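Encoded as structure tokens, the structure appears first; notes follow it.
The values are calculated or read from the model by the stated rules, or taken from the named source; none is laboratory data. Since this is a predicted model, take the numbers as computed values, not measurements. Don't worry about glycine lacking a Cβ; one is built from the backbone with ideal geometry, like all the others, and counts go over all protein chains shown.
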Amino acid sequence: MEKDIRKGAVLFSEYNRGEGIKKAIANSREDILFEIRESKLKGRGGAGFPTATKWMMVAAANSEEKYIICNADEGEPGTFKDRVLLLEYPQLVFDGMVIAGYVIGAKKGIIYLRGEYEYMKKSLEDYLEAMKKDNLLGKDILGKKGLNFEIEIRMGSGAYVCGEETALIESLEGNRGEARNRPPFPVTTGYLGKPTTVNNVETLASIPHIVNKGGEWFKKHGTDKSTGSKLFSVSGDCEKPGVYELLWGTKISELLDLVGAKNTKAVQVGGASGNCLPKSQFERTLAYEDAATGGSIMIFNESRNMLHVLKNFMEFFVEESCGQCTPCRIGNVKLLEGVKMIEKKDFTFAYINQLKDLGRTMQVASKCGLGQSSPNSFISILENFKEEIFNGNGGHNGK
Amino acid sequence: MLVLEKNAMTEEIELLVDKYGKGRSSLLPILQDIQRKHKYIPDFAQQEVARLLDIHPVEVFSVVSFYSFLNTQPKGRNIVRLCQTITCDMAGKTAVARALERELGIKFGETTKDNKFTLEFVNCLGMCDQGPAVLINERVYPKVTPEKAVQILNEVK
């Protein structure tokens with residue numbers, strides 16, 4: 001496997017194993033929480049919930065048993081940053097989990113690794129063993145009395161929806177990976193009904209740096225609302241695909257230059273569940289407040305057929321919808337049918353407009369975040385590339 | 001299933017229950033181990049898991065049928081999974097798929113007569129920067145070309 005990594009100033013800055021843990025346990029829980037709140041770190045999975053808020057709720061919950069879960073079920077098409085983090089920088093992820101355990105008062109951490117990544121399980125287990133030997137895991141960590149923490153690796157089995165936190169918890173509990181109704185939120189009623197924080201791999205990997213260098217330092221990077229850096233998984237039509245650490249607030253056009261993308265027609269920001277942006281929007285910035293993403297950047301050049309791209313995405317959602325709620329289960333099938341109609345040039349605009357309405361209904365009526373974001377690419381591709389797809393001519397493609 | 005095979009299966013599942021515990025949250029790890037060894041989870045195994053975990057067999061079936069890496073029907077000894085998601089598609093997935101089909105004489109979704117290979121499509125393997133990607137059992141192969149695909153099959157054989 002090749003390593004295509006471009007290191008930036010924050011996440012991939014220098015770090016030695018255990019450093020963050022040492023610093024964390026020398027301080028009080030409140031101080032660490034304060035630093036994380038100062039840093040304004042937001043969840044890196046895509047939803048962007050403030051990490052400190054989540055941790056405070058779990059820390060405040062009155063329970064003997066609490067859990068910290070690392071969500072390593074990256075199934076979003078075009079995302080592979082967790083693969084790189086876990087293979088090359090496990091010290092950041094696991095130190096982040098131990099610090100989380102200390103701060104929220106959890107004794108157990110679980111990393112939910114997607115089934116497709118089974119090949120890295122062995123190396124992660126070896127890594128955890130080494131941490132135990134160095135007293136960074138186990139009982140009385142680094143000599144701190146009463147600080148016990150262990151990490152278990154659990155495997156997924158090829159379900160995209162398990163990346164949703166409540167579906168992930170269901171899966172850990174031995175059920176079908178179907179999202180739960182919220183509230184109650186996992187922070188009060190999570191794994192086995194206990195207070196649980198579910199964090200993305202990249203979020204946890206940011207923690208040791210924040211503890212080490214302070215929230216102020218972290219906040220200096222990025223934009224006001226999106227602090228720090230982000231790992232972008234860049235793939236598609238470019239010379240140098242790979243994982244890029246860039247500061248939040250980078251323009252899409254800057255990123256395209258960096259990766260050597262030429263004749264770019266479209267950029268899919270945020271994977272299959274994200275939005276597809278045309279050339280006119282390449283000056284937008286990558287940030288929570290503008291073009292938000294969990295890190296997936298897929299680049300399409302002039303030679304690509306956008307309808308074909310859309311069909312691929314819709315087939316993905318039809319296969320991966322968990323089937324629990326109707327808008328997502330039936331809606332995606334209908335949207336895919338619509339794409340096929342356009343492909344055969346056998347459609348009316350009235351019906352396509354109805355399907356867009358259906359898409360907007362799915363955005364509000366689906367039960368979980370994955371269902372709610374599944375029509376995004378349908379709506380954005382048909383809007384942004386309508387010239388190319390419909391080509392005027394009374395509803396039929398003139399070509 | 002022969003009685004002997006059934007007994008062996010029961011014994012195997014008892015060991016797994018000992019290893020992972022009797023709680024419901026052990027269900028997935030137990031099923032994953034059975035899947036890894038047998039490449040599918042026979043009806044009898046599902047019933048035994050249900051009996052030993054003290055849950056209804058339908059609960060076990062509902063879990064097995066939900067996850068795409070757990071199967072209720074027998075598969076080949078090596079499951080070849082080709083990523084079908086867009087960037088692997090753009091990098092030449094179709095040519096690799098045709099080469100695999102020609103070489104093994106089966107279509108995607110089928111198993112060879114000698115029970116050596118099953119061909120399947122899979123969604124994003126997280127190798128988008130190095131597509132097309134193929135996952136054979138637990139091992140991932142990046143940047144697969146039609147020629148390389150055939151070479152990999154020969155290695156696995």
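Given the structure, is residue A:284 at pLDDT 95 or above, touching a strand residue (DSSP E or B) at 6+ places or on another chain (Cβ under 6 Å) and surrounded by fewer than 24 Cβ atoms within 10 Å (Cβ to Cβ)?
yes
If you scan the range B:89-106, which residues turn out to be touching a strand residue (DSSP E or B) at 6+ places or on another chain (Cβ under 8 Å), among the hydrophobic types (A, V, I, L, M, F, W, C) and part of a helix (DSSP H, G or I)?
Residues satisfying the conditions are B:90, B:96, B:97, B:100, B:104.
Just to check your reading of the model, which residue among A:206, A:229 is away from chain B (no Cβ under 14 Å), under 21 Å from residue A:117 (Cβ atoms) and among the small types (Gly, Ala, Ser)?
Of the residues listed, the single one that is away from chain B (no Cβ under 14 Å), under 21 Å from residue A:117 (Cβ atoms) and among the small types (Gly, Ala, Ser) is A:206.
Are any residues in the range B:1-23 within 14 Å of chain A (Cβ to nearest Cβ), over 22 Å from residue A:168 (Cβ atoms) and part of a helix (DSSP H, G or I), and if so, which ones?
B:16, B:17, B:19
Among (1) closer than 18 Å to residue A:385 by Cβ; (2) buried (at least 19 other Cβ atoms within 10 Å of the Cβ), which single condition is residue A:349 missing?
Looking at each condition in turn, residue A:349 falls short on (2).
List the number of the failed condition for residue A:293; all other conditions in (1) within 12 Å of chain B (Cβ to nearest Cβ); (2) within 16 Å of the chain's Cα centre (by Cα); (3) closer than 27 Å to residue A:363 by Cβ hold.
Just one mismatch for residue A:293, condition (1).
Suppose we filter A:128, A:136 for residues that are part of a loop (DSSP other than H, G, I, E, B), over 19 Å from the mean Cα position of the chain (by Cα), in contact (Cβ under 8 Å) with a residue 24 or more places away in the chain and away from chain B (no Cβ under 14 Å); which single one remains?
Unique residue meeting the criteria: A:136.
To keep it simple, each residue is scored yes or no on (1) touching a residue at least 12 places away in the same chain (Cβ under 8 Å); (2) assigned by TED's automatic domain parsing to the domain that holds residue B:34; (3) among the aromatic types (Phe, Trp, Tyr).
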residue: B:48; (1), (2), (3): yes, yes, no
residue: B:53; (1), (2), (3): yes, yes, no
residue: B:56; (1), (2), (3): no, yes, no
residue: B:71; (1), (2), (3): yes, no, no
residue: B:105; (1), (2), (3): no, no, no
residue: B:117; (1), (2), (3): yes, no, yes
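Identify, from the list A:99, A:153, the residue that is modelled with pLDDT of 95 or more, outside any helix (DSSP H, G or I) and either surrounded by fewer than 24 Cβ atoms within 10 Å (Cβ to Cβ) or more than 14 Å from every other protein chain (Cβ to nearest Cβ) (or both).
Sole residue among the options that is modelled with pLDDT of 95 or more, outside any helix (DSSP H, G or I) and either surrounded by fewer than 24 Cβ atoms within 10 Å (Cβ to Cβ) or more than 14 Å from every other protein chain (Cβ to nearest Cβ) (or both): A:153.
Out of everything in the range A:178-190 that is buried (at least 23 other Cβ atoms within 10 Å of the Cβ) and either closer than 15 Å to residue A:110 by Cβ or of a type in the set (S, T, N, Q) (or both), what residue ends up being nearest to the other protein chains (Cβ to nearest Cβ)?
Ranking the candidates gives A:190 first.
Given the residues A:81, A:132, A:121, which is the only one that is closer than 29 Å to residue A:26 by Cβ, of a type in the set (Lys, Arg) and in contact with a strand residue (DSSP E or B) (Cβ under 9 Å, 6 or more places away or on another chain)?
A:132
Hey, among B:70, B:31, which residue is in a loop (DSSP other than H, G, I, E, B), closer than 23 Å to residue A:75 by Cα and at pLDDT 95 or above?
B:70
For (1) of a type outside the set (A, V, I, L, M, F, W, C); (2) within 19 Å of residue A:74 (Cα to Cα); (3) more than 20 Å from the chain's Cα centre (by Cα); (4) not in a helix (DSSP H, G or I), each residue gets a yes or a no:
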residue	(1), (2), (3), (4)
B:108	no, no, no, yes
B:115	yes, no, no, yes
B:118	yes, no, no, yes
B:124	no, yes, no, yes
B:129	yes, yes, yes, no
B:135	no, yes, no, yes
B:148	yes, no, yes, no
B:151	yes, no, yes, no
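Please state which of the following conditions residue B:112 fails to meet, knowing it meets all the rest: (1) at pLDDT 95 or above; (2) within 14 Å of another protein chain (Cβ to nearest Cβ); (3) surrounded by fewer than 21 Cβ atoms within 10 Å (Cβ to Cβ).
(2)
Out of B:94, B:85, B:145, which single residue is of a type outside the set (A, V, I, L, M), away from chain A (no Cβ under 13 Å) and closer than 29 Å to residue A:266 by Cβ?
Sole residue among the options that is of a type outside the set (A, V, I, L, M), away from chain A (no Cβ under 13 Å) and closer than 29 Å to residue A:266 by Cβ: B:145.
Take the residues in the range B:47-65 that are buried (at least 21 other Cβ atoms within 10 Å of the Cβ) and closer than 21 Å to residue A:159 by Cα, then tell me which one is nearest to the other protein chains (Cβ to nearest Cβ).
Of everything passing the filter in the range B:47-65, B:63 is nearest to the other protein chains (Cβ to nearest Cβ).
Which residue pairs have Cβ atoms closer than 9 Å, lie 6 or more positions apart in sequence or on different chains, and pair a first residue in the range A:361-388 that is surrounded by fewer than 17 Cβ atoms within 10 Å (Cβ to Cβ) with a second residue that is of a type in the set (Lys, Arg) and in a helix (DSSP H, G or I)?
Close Cβ pairs satisfying both conditions: A:383/A:356.
Over 19 Å from the mean Cα position of the chain (by Cα), assigned to a helix (DSSP H, G or I) and buried (at least 24 other Cβ atoms within 10 Å of the Cβ), is that true of residue A:25?
It is false that residue A:25 is over 19 Å from the mean Cα position of the chain (by Cα), assigned to a helix (DSSP H, G or I) and buried (at least 24 other Cβ atoms within 10 Å of the Cβ).
Can you find, within the range A:337-359, the residue that is farthest from residue A:379 (Cα to Cα) among those that are basic (Lys, Arg) and part of a helix (DSSP H, G or I)?
Top of the filtered list is A:340.
Quick check on the range B:24-46: of everything there that is aliphatic (A, V, I, L, M) and more than 10 Å from every other protein chain (Cβ to nearest Cβ), which residue is farthest from the chain's Cα centre (by Cα)?
B:45
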